[in-house]
Amino acid sequence: MQETAPDAAAARPNIPEFTVSEIAGAVRRTLEDRFGRVRVRGEITECKRYPSGHIYLALKDESAKLAAVIWKSAVPRLGLVPENGIEVVATGRLTAYADRSTYQLQIERLDYAGTGALLARIEQLKQRLAAEGLFAPERKRPLPRLPSVIGVITSPRGAVIRDILHRLAERFPRHVLVWPVAVQGQGAAEQVAEAIRGFNALSPGGPVPRPDVLIVARGGGSLEDLMAFNEEVVVRAAAASTIPLISAVGHETDTTLIDFASDRRAPTPTAAAEMAVPVRLELVREVKGLEARLAGGLARLLNERRLRLERAARAVPDLPALLANARQRLDDRGARLDAALPAFVQRRRVTLAALAARLPHPREAVAARRSALALVAQRLPAAFAALAQRRHLQLARVRLSDQPLRAALAQARTRLEAASARLEGASYQAVLGRGFALVTDSAGAAITAAASVSPGQRLALRFADGTVRATADGAARKHAAEPAQGTLL
């Protein structure tokens, strides 16, 4: 054993030995120390949100892919919603995940990169204009059924204007006004906005006819090519237009902000022409169909009214026969009336004679009334005498019943006189009659203390038989020096 120990020591290599955790920690520290906070540009892929609130994704470019994680606490501060397929610039810290021996980016913020930056700008403008109500559904105006004049705002060169004119000619030829503008590049947005305002400024009935509907059109292109129709000046001009406006910018998959402000959005310029006018042949067929329906309805109505009139006519009696019967009844009634009137007068004369025989003569009635009056005159003195006797008896009974009342009145008068005597003895007038006087100041207030009188003060001395005016001319005496009551002064 002693011989093999040096050989075993020589067999071990001179390399430091680490645990897995030590290697993972060293790699993590190296990454965090070397890179720290970084900004990485790439396309989001494999984006997945977990129930915990964390978001796991990867950033990739043409040749590599970097795993990344967004902790739940950082999600509200990202600046955008991560979605697969958008190119972003991610800001965060590069670190290692020891459990899987991988490295990853802990993202703290995301920003659009390239086209994504344009999309972010468009989205911010969209939210601001929507908050102002420019995209509200109630602002949308209906398109006219058949416009007389159509205004087209587009490039005078290219397939767009030819497609629109060709489709209008096929469906329903209308008068078209073209306002040529640049549809991309510097100043394009201002030209489009000025064209919309220019058409709205035209007066109805002027030398240049005012359009009934506007079409803003452009062919397809990249996001940068369509940016003129995402500018605020164009969106505000479209929202302020009093003429109904159709936006036809790009292809069906392209969406610009003018689409939200316009009254109708067409997927293509050709579709915009189809929205502007109906198909003439279809309209003619529709009119003919309505004409046929109207004629049929009128025919049915007339036939129905004719049948109702015939039924009513059958229910109406024969008018000549009615008149003949009425005339015959009138003649009969006239003949009977001629004979009935003398008979009626004769019956009334007989009735009057019978009544006259039963009536008494006026002289007899006057004599009867005179006899009754004489009889009443004879009985009147005796009646007056009896009435006077009854009144005397009633008066005597009343006088007898007044004795208790008179006694009560006498007692009350005695009590009243006693109370009056006591009241008179307690009044201050009686006190004044015994030689006292009431002293008052010039205002009539009673003075009860000598100390309250000042020299020269005007006083009033009221006696039982009158009042005397006086003036105080000396200081008040003390009670010790005052004479007692009843002492002659």
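Summary table
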read-out: Positions within the range 179-191 being more than 18 Å from G158 (Cα to Cα) and exposed (fewer than 14 other Cβ atoms within 10 Å of the Cβ), in sequence order; value: Q186, G187
read-out: Test result for G205, at pLDDT below 90 and either more than 26 Å from A113 (Cβ to Cβ) or loosely packed, with under 15 Cβ neighbours inside 10 Å (or both); value: yes
read-out: Members of the range 28-44 that are outside any strand (DSSP E or B) and surrounded by 13 or more Cβ atoms within 10 Å (Cβ to Cβ); value: R28, L31, E32, F35
read-out: Test for V208: is it more than 21 Å from T256 (Cβ to Cβ), in a loop (DSSP other than H, G, I, E, B) and of a type in the set (V, I, T); value: yes
read-out: Residue selected from the range 119-157 under the condition loosely packed, with under 15 Cβ neighbours inside 10 Å and closer than 26 Å to G85 by Cβ, by the criterion modelled with the lowest pLDDT; value: R121
read-out: Residues located in the range 158-178, provided they are surrounded by fewer than 17 Cβ atoms within 10 Å (Cβ to Cβ) and in a loop (DSSP other than H, G, I, E, B); value: G158, P173
read-out: Residue, nearest to A120 (Cα to Cα), within the range 198-221, restricted to residues that are small (G, A, S) and touching a residue at least 24 places away in the same chain (Cβ under 8 Å); value: G221
read-out: So P51, is it within 52 Å of the chain's Cα centre (by Cα), outside any strand (DSSP E or B), surrounded by fewer than 11 Cβ atoms within 10 Å (Cβ to Cβ) and not basic (K, R); value: yes
read-out: Selection status of F172, under 27 Å from L226 (Cβ atoms) and of a type in the set (F, W, Y); value: no
read-out: Any helices (runs of 4 or more DSSP H) falling wholly within the range 246-363 and containing at least 2 residues that are over 30 Å from A130 (Cα atoms) and aliphatic (A, V, I, L, M); value: 280-315, 319-358
read-out: Residue check, E417 outside any strand (DSSP E or B), modelled with pLDDT under 80 and among the acidic types (D, E); value: no
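Matching residues to (1) within 30 Å of I150 (Cα to Cα); (2) not polar (S, T, N, Q):
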site	(1), (2)
R265	yes, yes
T270	yes, no
E274	yes, yes
R314	no, yes
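The values are calculated or read from the model by the stated rules, or taken from the named source; none is laboratory data. Source: prediction; values computed, not measured. Every residue, glycine as well, gets a Cβ built from its backbone with ideal geometry; the counts of neighbours run over all protein chains shown.
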